[in-house]
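A.B. asks: There's a structure below that I have some questions on.
Any read-out appearing in this document is the output of simple, stated calculations on the displayed coordinates, not a laboratory observation. Quick caveat, the model's predicted, so the values are computed rather than measured. Methodologically, a virtual Cβ is constructed for each residue, glycine included, from the backbone with ideal geometry; neighbour enumeration extends over all protein chains shown.
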Amino acid sequence: MNHPGDTGLRRRAGDAPPAIADLIHEATVQEITEQAWLALVGEDELLVPLPAPLPADTLSSWVEIVGPWTGSVVLTCGRATAVELTTALLRDHAPDVLEDEDVDDALGELANVVGGNVKAVLPGPSVLGLPEVGATPPAGSEADTCRVAVLWRGQPLTVSVQSHAERENEVPL
């Protein structure tokens, strides 16, 4: 018996989960990120697709996606960039002094929007977790990571769609 919303995508216990490279392309992640930026940060806040090294002091926000493909959508930037992003997101409502919680909330919201849109293009059904903020979570293999590097206001920022480091122990659906 099929349940409503059942896509019929099932794996046998021995089947490996699909690799993200088979499900989504960098151009799609780039477009999703640009659309989120336009909606949340502003029309004048363009992302330039140009890779650059991240600073030593970074902050990441991420949301987990659980479904036929399981992993995380991770946004990483320098801490100073995170503060600028928070001010840009809050616009006229930004306090004179931002609290760490304000920065965490802003980065979490960006990860949530980008992650929700990534989830929408992946095979489902899938579930999106709550945003988390902190040190960049460890990724699985490089082959199961789709990474987009951009500059925002001249500062590097990455968006990664990545499997979990412990993927080998993952229980199949």
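A.B. asks: Give the residue from T58, Q155, G129 lying farthest towards the positive end of the charge dipole for the chain; charges sit on Cβ (+1 for Lys and Arg, -1 for Asp and Glu) and the dipole is referred to the Cα centre.
C.D. replies: Toward the positive end, the furthest listed residue is G129.
A.B. asks: With +1 on each Lys and Arg Cβ and -1 on each Asp and Glu Cβ, and nothing else charged, work out how big the dipole of the chain is about its Cα centre, in Debye to the nearest 20. It would help to have the intermediate numbers written out before the result.
C.D. replies: Working: 9 positive and 27 negative charges, 154 e Å.
Using only the charged Cβ atoms, the result is roughly 740 debye.
A.B. asks: Find the eigenvalues of the gyration tensor of the Cα atoms of region 105-144, then list the square roots of 5 times those eigenvalues as equivalent ellipsoid semi-axes, largest first, in whole angstrom.
C.D. replies: Equivalent-ellipsoid dimensions as semi-axes: 18, 17, 8 Å.
A.B. asks: Based on other C-beta atoms within 10 Å, arrange D57, D100, D105 from fewest to most.
C.D. replies: Ranked by crowding around the Cβ, least crowded first: D57, D100, D105.
A.B. asks: So, one more: State which stretch of the chain is the longest one without any exposed trypsin sites (Lys or Arg not before Pro), exposure meaning a DSSP loop state and at most 11 other Cβ atoms within 10 Å.
C.D. replies: That gives 13-173 as the longest site-free run.
A.B. asks: Separate question: How large is the helix-only mean residue ellipticity at 222 nm for the chain, computed as the sum of -39500 (n - 2.57) over DSSP H runs with n ≥ 4, divided by its residue count, in deg cm²/dmol to the nearest 500?
C.D. replies: -9500 deg cm²/dmol
A.B. asks: Let me ask something else about it. Based only on the alpha carbon positions, what is the Kirkwood hydrodynamic radius of region 70-165, in angstrom?
C.D. replies: 14.3 Å
A.B. asks: Given the alpha-carbon gyration tensor of the chain, what are the semi-axes of its equivalent ellipsoid in whole angstrom, ordered largest first, with each equal to the square root of 5 times an eigenvalue?
C.D. replies: They are 30, 16, 15 Å, listed largest first.
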